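Here's the structure, in structure tokens; my notes come after.
All of the numbers you see were taken from the coordinates with simple rules; none came from a lab. None of these values were measured; they are calculated from a predicted model. Using ideal geometry, Cβ is built from the backbone for each residue, glycine included, and neighbour counts are taken over all protein chains shown.
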Amino acid sequence: MNSTGILSTAWQGTLGRTDVLDGGAIDGATLGALIGVTLIVLAGLGALVLIVAALAQVVRAVHLSEPARTRWVLTVVFAPVFGALAWFAVGNRLQAG
């Protein structure tokens, strides 16, 4: 028996599982679920950063009147991702005048 076989047997004997490289510790469905959860968490964190950045810019925008600022804050709060994207696409532009 080679050294890899001895280590694999020792690992299996210690924890009652096979080596990860042998494919026994995690199957495809578990790996897919883990990747899916990771992507959902990353998307949620990205959306949260987008919303916080939009709110910070709305509050600091000097070109907005108080009613317009209130409408933008309410838009970002009640329609978070859409409101933040709308702010960055439309509302963040300086008004000519």
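Values computed for the structure shown
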item	result
Net lengthening on full extension, Val52/Arg93 (0.36 nm per residue, minus Cα-Cα)	12.9 nm
Computed FRET value (nearest 0.05) for Ala33 with Leu74, which takes r as the C-beta separation and R₀ as 35 Å	0.40
Highest-first arrangement of 60-72, 25-37, where packing means the average Cβ count within 10 Å	60-72, 25-37
